[in-house]
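Beneath this line is the structure, given in structure tokens, with notes to follow.
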Amino acid sequence: MLSINNNTLYRSPNFKGLNIGPKASKALDKLGSLQSPGQRLAFGIAALTLHPVMDKMNPWIDDETKETSAIRSAAKAIACTLTGVIIREACILGTDALLSNEGIVKKLPQFMTKDKGHTGAVIGTLMGLGIMMFTNFLIDVPLTDKLTHMFTERAKKKGKLKNSSTGHQMPKPNFSADYKAKIQEISNKIKTGELPPMSQVNTEVLKWDA
């Protein structure tokens, strides 16, 4: 049997048991007692630690793309964790303040006032989740973009990224003379009706240096 936060987990007939030491048991108890802001902080730390490393270990992309992806992941983890922790903590504190008002408490059902700390945590978490549906677009996205820009500029100064603003441009296809003649022949047949009409995209392709 394993007891966490005074809850006993009974083993099934197919489970041989799990033995953990007192230190591990205390650590699990502390993790289990974390409220919503602490849980969000733990998830954020894990994301900040693992996601950039996973991006840099991607074998299918070049080094510069790895660095750019890792920067974006780190910026997103920091921005989302900051807003998530602050908003949830503020909502819980606000709910606790309301529950300390005797006039409001008298209007609530008894099951909500029996354990005010638990009720405040639950209601505050739900309020925070509702508010974050809007702050994801109003705060998280702009803050992620600003952090990404800041980290990118720092990476450029360290030489990890190329300092260029020209961007990638799609080169025009380099057709041979025979190929151009065949394309022009197909284009003429389409215009005269000898061949069925093609989509606008393919028609534009036929115009490239033909």
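In a DSSP loop and with at most 16 other Cβ atoms within 10 Å, the trypsin sites (Lys or Arg not before Pro) in the stretch 57-108 are Lys106, Lys107. Label positions at Val141 and Asp96, each projected 7 Å from the Cα along the C-beta direction, are separated by 3.4 nm. Ile71 sits with roughly 10 Å² accessible to a 1.4 Å probe, with DNA, RNA and ligands left out of the calculation.
The solvent-accessible area of Met54, taken with every protein chain present and a 1.4 Å probe, is close to 120 Å².
Test of understanding: what is the full-extension gain from Lys156 to Phe134, defined as 0.36 nm times their sequence separation minus their Cα-Cα distance? Don't skip to the end; give the middle numbers.
Working: separation 22, 0.36 × 22 = 7.92 nm, distance 3.30 nm.
So the chain would gain 4.6 nm between Lys156 and Phe134.
Could you name the aspartates and glutamates whose alpha carbon sits less than 20 Å from that of Lys162, not counting residues in the same chain fewer than 8 places away? Leaving aside aspartates and glutamates fewer than 8 places away in the same chain, those within reach of Lys162 are Asp55, Asp62, Asp63, Glu64, Glu67, Asp145, Glu153.
The values are calculated or read from the model by the stated rules, or taken from the named source; none is laboratory data. As the structure is a prediction and not an experimental result, all values here were calculated from the model. Note: ideal-geometry Cβ built from the backbone for every residue, glycine included; neighbour counts use all protein chains shown. The accessibility values were calculated without ligands, DNA or RNA, using every heavy atom of the protein model including side chains. Shrake-Rupley method; radii C 1.70, N 1.55, O 1.52, S 1.80 Å.
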